[in-house]
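*Asks:* Let me begin by handing over the structure; questions about it come next.
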Amino acid sequence: MTTELSRRRLLTLGTGALGAAAAASALPPSLRDALAAEPPAGGLRAVRHVVVLMQENRSFDHYFGALRGVRGFSDRNAVELPSGKPVFEQPGPRGVVLPFPVREAAEAQHKDLQYIGDLDHSWSGGARAWRDGWMDGWVSAKTAATMAYYDRRDLPLHYELADTFTICDAYHSSTHTSTSPNRNHLWSGWTGYEADGSRAVTNAAYDEDTHPGYPWPTYAERLERAGRSWKTYTEWENFTDNNIEFFTVFKKIARKALAGAGDFTYMEAFYAAVRAAEDPAERRRLLEALEEGVATLDPHERSLFERGLRRAESGTLADAFRADVAAGTLPEVSYLVPSAVDSEHPGASSPVASASLVYKVLDALGSHPEVWRHTVLLINYDENDGFFDHVPPPVPAAGHEGERWQGLPTGLGIRVPMLVVSPWSVGGYVCSEVFDHTSVIRLLERWTGVEEPNITPWRRAVTGDLTSAFDFRRGRPQPEVARPAQIPPFTGRWRPSPPPVQNMPVQEPGVRPARPLPYQPDADGRLDRDGDRDGGHGREGRGSVLTVVLSNAGRSTVPFALYPYAGEFAVPQHKQVRRRAQWRVPLTGDSYRFTVIGPNGFRREFAGSVHSPAEVSSRVDHHDRDLHVTLRNEGRTPITFTVRPLGYVDDADLDDWTRRITVKPGRSRSIVHSAADAHGWYDVEVTVEGGEPFRRRLMGHIENGRPSVSG
């Protein structure tokens, strides 16, 4: 079957039109056949090609909040808003707005669900939605349409890719802002400063006629110097998404190549004239003038032009990619930069239209199994547009000046989707390690040995290198899902409105296999009633301080966040812990309530009275997947603790798991809560009967270095 016939079959057979003989997969037949082969051995050494397809402007919840087995709408570790409501109940000028289906809004508003419009995705708008980490400014900053989401019926190819390969549910955009700064992180490891000294956190580079360009090196230049092959695949119209064009070195090459073509000083202006030329002779004249200019470039400039600036005729990106795959000339690193209509941007594209491009890329690889067997395809999204995501991104504390601007953290940004498609990521896994766009460069570093010094130490500590998303030991067969529907005709952009009666969305039931993670966090607290009340934060006076000890027995840094619900701090706090650290939390009155969260469902809730003599500490045993809980009585009379699970045990067995333990004054007792039968997951509450209020909640996952399941 040819590519065109496969694509036509993909786009014209809706789920209701499938015959009895039709396969229930939206993947190209060529790729399904290629998946039957065992992946090659050798780990990263077996990889020959990495293909990066960065699409536009979708948040993780907007696309995958309803997907089973990921940190979506059923997230047990979702934060609480200052109002006491769950993070999913976003306040707005007209009341609370819950996540709501685009499909329902489309039916109510008589619109096509594929063509919703874009929202504010500026630096200031991102800051207002994030609101110092409280995550409660989404509707006021973005409109109620921010809460609209798709599900499996709307995104069948996306969901099948997640069910077939590996989805990352802790992959973040790099910064709280728009396209260009995020793509700077993909191309160079960070976004620096504009010529006027302001931080490059806007799309100022799009004004190419006046923008001087970014002077720092790109990773592509480092690959070039190291003799590693790379190439950008893009078309005459590329939605100004090829950010390499905005760097000084490439702008200089462009001006030299365009010198004889007319009054053009940058690539987009030239190709806009090519696209606008109705006379074929005029178009031919422009293109020939460009070739004459390219011929004047020296060998180094010519190589950078051909790899980074050369554009193909509109509509031919996938054909050019397929041709290189077929010819055996696919470079080691490929960047695919689609046109506006294929970009998935909610202001110019649609999910189903973009699926056409993804299908072509998959078919090009699947049609050449030997190339597929050695290729990694990364499908990610530059930023979230203005669409809601409920997971607070890790951000740096004060002191990391390279990661802050105008008193705000430059990142990490809001979660976006990442699909890891390769022979070594088959199996429908979820990977919950914290990543961002610089993680793509980190993977290339590990594979090529070419380093990128632009990535800040903080970002290297907090984000991973994507290798945990792969299983280089074995592959798994893919499940079957339904085909996507036909691409509808364009009917205009619109913004979804929430329904009159709102309900919290129900995430698909079930779990999925999970990649092992490099974290092993723990946290417990001890009350110091005569401690330094300011906790090192400039407050005067003396009073109670609760010292929270943070520990991490894993091999990668754990980003923790503390949410102060009783006014212990003015805003959420952040720490990154490699081994051990502590928070001295100043208590503002006779009671306290705050929560510490971390990656992959880690959570510790602290609440109670400063007069309670109870204390709780914990220790994680990764060998047996046990949680050791120590209960201590610092008072003068016996107290009775109740330890009961809040999840990961059968309801029928809840009484068997619940324990009442009396501890004498000045003594302690330890118990063991086994998480082995729950694949390492635990969620335990500790309270005290009578007396002063006291509550602790301990939740998380105990890693043992082996694949697990989602929580």
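The values are calculated or read from the model by the stated rules, or taken from the named source; none is laboratory data. Predicted model, so just to flag it, every value in this text is computed and none were measured. In this analysis, Cβ positions are derived from the backbone assuming ideal geometry, glycine residues included, and neighbour counts consider all displayed protein chains. The protein model used for the area step is the full one, side chains on, heavy atoms only, and it has no ligands, DNA or RNA in it. Shrake-Rupley method; radii C 1.70, N 1.55, O 1.52, S 1.80 Å.
*Asks:* Can you list the residues, at least 5 places off or on another chain, whose amide H is less than 5 Å from the amide H of residue 312, using H built in the peptide plane?
*Replies:* Here the answer is 234, 235, 236, since their amide H atoms fall under 5 Å of that of residue 312.
*Asks:* To continue, here is another question. Of 600, 611, 630, which is farthest on the positive side of the dipole of the stretch 588-630, counting Cα position, with +1 on Lys and Arg Cβ, -1 on Asp and Glu Cβ, and the Cα centre as origin?
*Replies:* 600
*Asks:* From the backbone phi of the stretch 584-591, what are the Karplus-calculated ³J(HN,Hα) couplings (6.51 cos²θ - 1.76 cosθ + 1.60, θ = phi - 60°) in whole Hz, Gly and Pro given as x?
*Replies:* 9, 9, x, 9, 8, x, 7, 9
*Asks:* Looking at the chain, what % of its DSSP beta bridges pair antiparallel, to the nearest 5?
*Replies:* Once the DSSP bridges in the chain are tallied, antiparallel ones form about 75 percent.
*Asks:* Can you tell me the length gained on complete extension of the stretch residue 291 to residue 263, counting 0.36 nm per residue apart and subtracting the Cα distance?
*Replies:* Length difference between fully extended and current span is 8.5 nm.
*Asks:* Ordered by packing density, taken as the mean number of other Cβ atoms within 10 Å over each peptide's residues, highest first, how do 463-469, 672-678 rank?
*Replies:* Highest to lowest by the protection proxy: 463-469, 672-678.
*Asks:* Further question on the same structure: Carbon and sulfur together cover what percent of the accessible area of the chain at a 1.4 Å probe radius?
*Replies:* Carbon and sulfur together cover 50 percent of it.
*Asks:* What is the log10 of I(q)/I(0) for the chain, computed with the Debye formula using one identical point scatterer on each Cα and no solvent, at q = 0.06, 0.08, 0.11 Å⁻¹?
*Replies:* Result of the Debye calculation: -0.37, -0.65, -1.18.
*Asks:* With a Förster radius of 45 Å, plug the Cβ-Cβ distance of residue 44 and residue 109 into 1/(1 + (r/R0)^6) and report the FRET value to the nearest 0.05.
*Replies:* E(calc), rounded to 0.05, equals 0.40.
*Asks:* Over what distance in Å are the Cα centres of the stretch 444-462 and the stretch 358-391 separated?
*Replies:* Computed from Cα coordinates, the inter-centre distance equals 22 Å.
*Asks:* What is the diffusion coefficient of the stretch 385-475 in µm²/s, taking the Kirkwood radius over Cα pairs and the Stokes-Einstein relation at 20 °C with a viscosity of 1.002 mPa s?
*Replies:* 144
*Asks:* Next up: Sorted from largest to smallest, which semi-axis lengths in Å does the alpha carbon gyration tensor of the stretch 598-711 give for its equivalent ellipsoid, taking the root of 5 times each eigenvalue?
*Replies:* Working from the Cα gyration tensor, I get semi-axes of 26, 14, 13 Å.
*Asks:* For residue 372, what charge total do you get from the other residues with a beta carbon under 15 Å from its beta carbon, if Lys and Arg give +1 and Asp and Glu give -1?
*Replies:* So the surrounding residues net to 0.
*Asks:* Rounded to the nearest 0.05, what FRET efficiency do residue 695 and residue 229 have when you use their Cβ-Cβ distance and R0 = 51 Å?
*Replies:* 0.30
*Asks:* So what's the projected area for the stretch 42-153, the Cα convex hull averaged over all directions, in nm²?
*Replies:* 10.3
*Asks:* Considering only protein heavy atoms, with the full assembly of protein chains and a 1.4 angstrom probe, order 132, 656, 363 by accessible area, largest first.
*Replies:* 656, 132, 363
*Asks:* Across all directions of projection, what mean area in square nanometres is found for the Cα convex hull of the stretch 337-430?
*Replies:* Seen from a random direction, the Cα hull of the stretch 337-430 projects 8.7 nm² on average.
*Asks:* A further question on this structure: Which whole-Hz couplings ³J(HN,Hα) result when phi for each residue of the stretch 518-525 is put into the Karplus expression 6.51 cos²θ - 1.76 cosθ + 1.60, θ = phi - 60°, listed in order with x for Gly and Pro?
*Replies:* In residue order, the calculated couplings are x, 10, 8, x, 7, 7, 8, x Hz.
*Asks:* Can you give the calculated 222 nm mean residue ellipticity of the chain, where each DSSP H run of n ≥ 4 adds -39,500 (n - 2.57) and the sum is split over every residue, rounded to the nearest 500 deg cm²/dmol?
*Replies:* -6000 deg cm²/dmol
*Asks:* For the stretch 208-272, with every protein chain kept in place, what is the accessible area per residue (1.4 Å probe, Å²)?
*Replies:* Ligands and nucleic acids excluded, the figure is 35 Å² per residue.
*Asks:* Follow-up question, since we're still on this one. At 1.4 Å probe size, with every protein chain present, just tell me what the per residue accessible area of the stretch 122-164 comes to in Å².
*Replies:* Averaged over the residues of the stretch 122-164, the accessible area is 25 Å².
*Asks:* In addition: Calculate the spin-label point distance for residue 319 paired with residue 511, positioning each point 7 Å from the Cα along the beta-carbon direction, and give it in nanometres.
*Replies:* Taking the two extended label points, one gets 4.9 nm.
*Asks:* Between residue 703 and residues 5 or more places away or on another chain, which pairs have amide H atoms under 5 Å apart, with H built 1.01 Å from N, and which residues are they?
*Replies:* none
*Asks:* Additional query: Counting only residues 5 or more places away or on other chains, whose amide H sits under 5 Å from the amide H of residue 670 once H atoms are built in the peptide plane?
*Replies:* It is 631, by chain and number.
*Asks:* Next up: Cα-based Rg (one decimal) and Dmax (whole number) for the stretch 388-440, in Å?
*Replies:* That works out to 14.5, 44 Å for Rg and Dmax.
*Asks:* Explain nothing, just compute: Karplus ³J(HN,Hα) = 6.51 cos²θ - 1.76 cosθ + 1.60, θ = phi - 60°, for every residue of the stretch 240-246 in order, whole Hz, x for Gly and Pro.
*Replies:* 6, 9, 8, 5, 4, 5, 9
*Asks:* For the stretch 380-468, with every protein chain kept in place, what is the accessible area per residue (1.4 Å probe, Å²)?
*Replies:* It amounts to 21 Å² per residue over the stretch 380-468.
*Asks:* For residue 500, what is the net charge nearby, where nearby means another residue's Cβ is under 14 Å from its Cβ and Lys, Arg count +1, Asp, Glu -1?
*Replies:* For residues surrounding residue 500, the net value is -1.
*Asks:* At q = 0.12, 0.17 Å⁻¹, what is the log10 ratio I(q)/I(0) for the stretch 242-380, with the Debye formula run over Cα points and no solvent?
*Replies:* Each listed q maps to, in turn, -0.58, -1.08.
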